[in-house]
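The values are calculated or read from the model by the stated rules, or taken from the named source; none is laboratory data. Not measured: the values here are computed from a predicted model. Calculation scope for accessible area: heavy atoms of the full protein, side chains included, ligands and nucleic acids excluded. Shrake-Rupley method; radii C 1.70, N 1.55, O 1.52, S 1.80 Å.
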Amino acid sequence: MVYDSFRSERFKKGYKKLDHRQQELIDKKIQKIIELPELGKPLRAPLSNFKSERTEKLRIIYTLEGKTVG
């Protein structure tokens with residue numbers, strides 16, 4: 001099942017500050033997350049509803065809400 005993605009304003013601001021290579025890495029990782037969101041590492045309380053994926057020194061924290069990855 002393929003999910004839709006939602007990007008917060010905080011994510012958008014941080015994304016703009018990254019160089020082009022880092023943006024491409026993030027885009028690829030987000031595409032993988034959209035295809036298989038279960039792959040992320042579950043986080044502990046108080047973020048127990050979230051999962052995490054890493055790309056180099058960057059971390060993407062996301063949650064599943066229905067058919068949306070955000």
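When the accessible area of the chain is computed with all protein chains present and a 1.4 Å probe, what percentage of it is carbon and sulfur?
Numbers: 2990 of 5590 Å².
In the chain, the share of accessible area belonging to carbon and sulfur is 54 percent.
Computed from phi, the 3J(HN,Hα) profile of region 49-64 under the Karplus parametrisation 6.51, -1.76, 1.60 (θ = phi - 60°) reads 8, 10, 10, 9, 10, 10, 9, 6, 9, 9, 10, 10, 10, 9, 9, 9 Hz, with x in place of Gly and Pro. Considering only alpha-carbon pairs that sit under 8 angstrom and 6 or more positions apart, the relative contact order computed for the chain is 37 percent.
Remark on LEU58: its backbone amide H falls under 5 Å from none of the residues 5 or more positions apart or on other chains, H modelled at 1.01 Å from N. Put simply, the amide H of SER5, placed in the peptide plane, has neighbours under 5 Å in VAL69, leaving out anything fewer than 5 places away on its chain. Dividing the summed helix terms, -39500 (n - 2.57) for each DSSP H run of n ≥ 4, by the number of residues in the chain produces a 222 nm estimate of -11000 deg cm²/dmol to the nearest 500.
Residue-wise HN-Hα couplings along region 6-13, as the Karplus relation 6.51 cos²θ - 1.76 cosθ + 1.60 with θ = phi - 60° gives them from phi, are 10, 10, 6, 5, 4, 4, 4, 5 Hz; Gly and Pro carry x.
Based on alpha carbons, the Rg and Dmax found for the chain are 11.8, 33 Å.
Partners of LYS41 within straight-line reach, counting lysines whose Cα lies under 18 Å from its Cα and excluding those fewer than 8 residues away in the same chain: LYS28, LYS29, LYS32, LYS51, LYS57. Using the Karplus relation 6.51 cos²θ - 1.76 cosθ + 1.60 with θ = phi - 60°, the per-residue 3J(HN,Hα) values for region 18-28 come to 7, 6, 4, 5, 5, 4, 5, 4, 4, 4, 5 Hz, with x marking Gly and Pro.
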